[in-house]
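The values are calculated or read from the model by the stated rules, or taken from the named source; none is laboratory data. What you are looking at is a predicted structure, and each value in this text was computed from that prediction instead of being measured. Glycine also receives a Cβ, built like all others from the backbone with ideal geometry; neighbour counts cover every protein chain displayed.
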Amino acid sequence: MYNELFCQDEGAGASIVLLHGFAEDGTVWDNQLEALQTAGRLIIPDLPGSGRSPLGGTTLSMESMADDVLALLDRRGIEKTILIGHSMGGYISLAFAARHPGRLNALGLFHSTAYPDSEEKKAIRRKAIEFIRANGSAPFIRQSTANLFSPLTRQHRPELIESVISRYANFAPDALIGYYEAMIARPDRTAVLREFNGPVLFILGKDDAIIPAQQVLEQSWMPAIAQIHIVPEAGHEAMLENPKLSNQLLLDFINFVSES
Ligand code: MLT
């Protein structure tokens, strides 16, 4: 049983799926929509409980959401795709690669990691779940969003941060809690990086406070073929903080995959 996801489907040619992260929806990729369409068919779903996709009745896991993505490829008759995920979207992409490796031409981790949660991180998430249960989504989104951005963005572009807060303040609390529980439960996926036989893209934020660049660099030697880029002066949201460079890096990778 899978969730039918709302999805933007633009352009033509080889398929590129972009998965958003926690407490976001597909519109987080709006800055990429035009630029990346020059390279192929862009498929940008809203994950269950985000944007225009209903939460559905099933318990969320990285595997269930990976299978929701598989179902949307199957419905469109897409045999193979490049799959790039932002943060939690990267955890889902890794689960997809573990389950359906033959359906991928390439994999991209955009501010994401193959490591599981540490015990400390699990405890932080459990506290956040209690906070959301007690206070609802809006105070949680207001309190947690600034930390997603680099010090430079916080100093010079407070309006960008405010726009993200107001866009997601009404996020369904059950979805946020479901994502947190799914992230707590996710396994170590470093074996996927070691065994995946296509190209892997790593995009890191130099000032990412959520997934530190150093932690991802430790994993970047694992795949047989990898591209590794560090976006300067970006936190956890380079697609918003530095869309021009993000688009360039994504396009270079997509072109590299289609030529190889
Ligand atoms: C995300 O942006 O998807 C989350 O912050 C990831 C995480 O908390 O591990």
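Here are a few things to note about the model shown:
- Among residues of segment 105-117 being more than 11 Å from the ligand (Cβ to nearest atom) and out of contact with any Asp or Glu (no Cβ under 9 Å at 6 or more places or on another chain), the one that is farthest from ALA14 (Cα to Cα) is LEU109.
- Restricting segment 209-238 to residues that are closer than 21 Å to ASP117 by Cα and acidic (Asp, Glu), the residue that is surrounded by the most Cβ atoms within 10 Å (Cβ to Cβ): GLU237
Quick grid of which residues meet (1) within 18 Å of VAL231 (Cα to Cα); (2) free of Cβ contacts under 8 Å to residues at least 40 places away in the same chain; (3) surrounded by 15 or more Cβ atoms within 10 Å (Cβ to Cβ):
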| site | (1), (2), (3) |
| --- | --- |
| ILE92 | no, no, yes |
| GLU119 | no, yes, no |
| ASN135 | no, yes, no |
| LEU148 | yes, no, yes |
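- Taking helices (runs of 4 or more DSSP H) as the structural unit, no element lying wholly within segment 54-148 holds at least 2 residues that are over 17 Å from the mean Cα position of the chain (by Cα) and under 21 Å from PRO223 (Cα atoms).
- Segment 122-133: number of residues that are in contact (Cβ under 8 Å) with a residue 12 or more places away in the chain and near the ligand (Cβ under 10 Å from one of its atoms): 2
- Condition check for ASN247: closer than 25 Å to GLU34 by Cβ and assigned to a helix (DSSP H, G or I): yes
- Filter result (in contact with a helix residue (DSSP H, G or I) (Cβ under 9 Å, 6 or more places away or on another chain), of a type outside the set (A, V, I, L, M, F, W, C) and under 14 Å from ILE184 (Cβ atoms)) within segment 117-146: ASP117, LYS121, LYS122, ARG125, ARG126
- Pairs, first of a type in the set (Asp, Glu) in segment 60-88, second assigned to a loop (DSSP other than H, G, I, E, B), C-beta under 7 Å, six or more apart: ASP67/TYR2; ASP68/TYR2; ASP68/ASN3; ASP68/LEU5; ASP68/PRO48
- Subset of segment 211-255 [of a type in the set (Ser, Thr, Tyr) and within 16 Å of the ligand (Cβ to nearest atom)]: SER246
- The lone criterion from (1) under 19 Å from the mean Cα position of the chain (by Cα); (2) within 22 Å of ASP117 (Cβ to Cβ); (3) in a helix (DSSP H, G or I) left unmet by PHE171 is number (3).
- In segment 250-260, the residues that are crowded, with 22+ Cβ neighbours inside 10 Å and either among the aromatic types (Phe, Trp, Tyr) or not in a helix (DSSP H, G or I) (or both): PHE253
- Hits in segment 17-46 - residues which are in contact (Cβ under 8 Å) with a residue 60 or more places away in the chain and hydrophobic (A, V, I, L, M, F, W, C): VAL17, LEU18, LEU19, PHE22, ALA23, VAL28, TRP29, ALA35, LEU36, ALA39
- Pair list, Cβ under 7 Å, 6 or more apart: segment 204-216 residue farther than 16 Å from ALA146 by Cα, other residue in a loop (DSSP other than H, G, I, E, B) and among the polar types (S, T, N, Q): GLN215/THR113; VAL216/THR113
- Exclusive hit being modelled with pLDDT of 95 or more, more than 12 Å from the ligand (Cβ to nearest atom) and under 18 Å from the mean Cα position of the chain (by Cα), set ASP188, ASP208: ASP188
- Candidate set from segment 1-32 (those that are farther than 22 Å from PRO173 by Cα and among the acidic types (Asp, Glu)); member that is nearest to the ligand (Cβ to nearest atom): ASP30
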